[in-house]
Amino acid sequence: MSRGTAKTLFEKVWEQHVVAQPAGEPTLLYIDLHLVHEVTSPQAFEGLRLAGRSVRRPERHIATVDHNVPTTSVQDRLLIADQISAKQVDALRRNCTEFGIELFDVQAAEQGIVHMIGPELGATKPGMTIVCGDSHTSTHGAFGALAFGIGTSEVEHVMATQTLPQDKPKTFRINVEGDLPYGVTAKDLILDIIGRIGTDGATGYVVEYAGSTIRALSMEGRMTICNMSIEAGARAGMMAPDETTFAYLRGRRFAPAGPLHNAASAEGASVARKGVIALDDIPAAATHADAWENAVAHWRTLVTDEGAIFDREMTIDATKLAPRVTWGTSPGMVTGIDDVVPSIEDALSDADRKSFARALEYMDLTPGTKVTDIRVDAVFLGSCTNARIEDLRAAAKVVSGHHVATTVRAMVVPGSQQVKAQAEREGLATIFTTAGFEWREPGCSMCLGMNPDILQPGERCASTSNRNFEGRQGRGGRTHLVSPVMAAAAAITGRLTDVRTWKFEGEGTAFEPEQVLVQGGPR
Ligand code: SF4
């Protein structure tokens, strides 16, 4: 179908990456950046080895260890007790050396969850195509990139050819308008969206988030939303880059005019090869100073044109939202913190009634129970959804002056070494540890039951992560997805808590709550 000359953000990025469009076959897309981690890459490297192939453009791949590295201590990470995890991490080290890919290993200052370090390094940039063997690659769409998760065989294809065959998805714009109310964060917004459209509501689509609420969010808040696009079934989530995006990227390591862009700098001279990531995404720059301006000029074109047609659109009034909590075993089983556990009769179809019944049984919940009466045994503040510095700052404000309930095991797992170091410089780590939280090394940790941080059967957890299906955080574990401030409050009270009623240390004098609780609000 012809759509005229007006194009969506997605269509612009897609068209700029088409290598070939064979009739009756998927489009072959050029891939700008591939993010690698220890779990989904070993077979792909082995496939290359068996075929006698090399990685076509090693400078377009960045690797880190995150999924199964222990977060308990530096020593535990250097000598991993679990044999499968140790083998995978060792394999990644060998593979990166053999195939010439830069690896941010456990001791590197840049190590962290793969979706944290791409943006932190400035490797994630507007207009790029980005892939990774992890579903939550959608995170990078917050920068106006087309970013999506791929399987192991696709990982091998990207390594060998720097391309990927893809069927073109449809487009879905979600407009969010108005100011987020007090205590409502980007996490609540995306949980609300998934609750409205369902976990398959965006299947087959790339979602563009637009509107005044989205534009008012920080990059951290935007990443939280794009991160969970996959939980609504979307191929990817995207947001138009703007001044907030440019301010975030400026000066970062792989950003245009960043340290690696300046071949005259000591670091740039020694690792100039990796500067390619910055250099050839944008029109050639005559000088170092021009590079940034050229990049921003290009990035400003990456917006949906007036009159562009989407396959589906919806609009949400952000001013009516309340903090959200999942009660069941999918991110779409979500309700307000001031609501009650739903009953099977609330389900809209026979299939939903079955899954409601199963979820209530697994979660050991009785319909009609007030959400704020649900006790928790554990609190996990971490993951690529909500372990950025802004998340930790907001949670620390809630925690400050309080102590973790004696019935609760609470941990903070910074998403990256950079976040950890920043939080320690700002005194946040001290606030958390004084309150009784464990302060961990960066990694995926309790987001998934693939490393030592797991729930015991029957344990109930308030978690800032993105998935709550059966056994996600450990066999028999029960997960309630919440925002960082809600997780922090639950750790203190020992039950799911409406953070809008929270009594802050020095309330009314030390700080203004509006500046504390609204993740992604104006800085
Ligand atoms: S934190 Fe969770 S969702 Fe994110 S990359 Fe790790 S395992 Fe995947």
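Note on THR97 and ALA351: their simple-model spin labels are 5.0 nm apart, each label 7 Å out from Cα toward Cβ. Here's the picture: a label point sits 7 Å out from the Cα of LYS87 along the beta-carbon direction, and within the stretch 141-155 nothing has its amide nitrogen under 16 Å of it.
Only helical runs count toward this figure. For the chain, summing -39,500 (n - 2.57) over DSSP H runs of n ≥ 4 and dividing by all residues gives -9000 deg cm²/dmol at 222 nm.
Considering the chain, its Cα convex hull presents a mean projected area of 24.5 nm².
Each of LYS320 and THR434 was given a label point 7 Å from its Cα along the Cα-to-Cβ line. The distance between the two points is 4.2 nm. Peptides 417-428, 105-116, 77-88 ordered by packing proxy, namely the average of other Cβ atoms within 10 Å per residue, highest first: 105-116, 417-428, 77-88. Put a plus charge on the Cβ of each Lys and Arg, a minus charge on the Cβ of each Asp and Glu, and nothing anywhere else: the dipole of the stretch 459-498 about its Cα centre is then about 140 debye. Note on the stretch 278-400: Cα-Cα pairs beyond 16 Å make up 78% of the total pair count.
Can you grab the distance from the C-alpha centre of the stretch 360-431 to the C-alpha centre of the stretch 6-64, Å, no decimals? Cα centroid of the stretch 360-431 versus Cα centroid of the stretch 6-64: 36 Å apart. Just to be sure I understand the curve: with the Debye formula and one point per C-alpha of the stretch 421-463, what is log10 I(q)/I(0) at q = 0.33 Å⁻¹? For the requested q values the scattering log ratios are -1.12.
What's the FRET efficiency of ARG425 with SER343 using the Cβ-Cβ distance as r and R₀ = 41 Å, to the nearest 0.05? Taking R0 as 41 Å, the efficiency between ARG425 and SER343 is 0.25.
Just subtract the alpha-carbon distance of GLU177 and GLU361 from 0.36 nm times their residue separation and send over the number in nm, one decimal.
Gain in length upon complete extension: 62.5 nm.
Cross-linked pairs LYS12/LYS187; LYS7/LYS125; LYS187/LYS397: Cα-Cα separations exceed 26 Å for LYS12/LYS187.
Here r is the Cβ-Cβ distance between GLN21 and GLN75 and R0 is 51 Å; the resulting FRET efficiency, rounded to 0.05, is 0.45.
For LYS370, the aspartates and glutamates whose Cα comes closer than 14 Å to its Cα, not counting residues fewer than 8 places off in the same chain, are ASP338, ASP339, ASP498. Its residue count N sets the reference 2.2 N^0.38 Å, and the alpha-carbon radius of gyration of the stretch 1-130 equals 1.29 times that reference. Each Lys and Arg contributes +1 and each Asp and Glu -1, all at the Cβ; summed about the Cα centre of the chain, the dipole is approximately 440 debye.
We did not get these values from a lab; they are worked out from the coordinates using the rules stated. Given the structure is predicted, the values throughout are model-derived calculations rather than measurements. Virtual Cβ from ideal backbone geometry, glycine too; neighbours counted across all protein chains shown.
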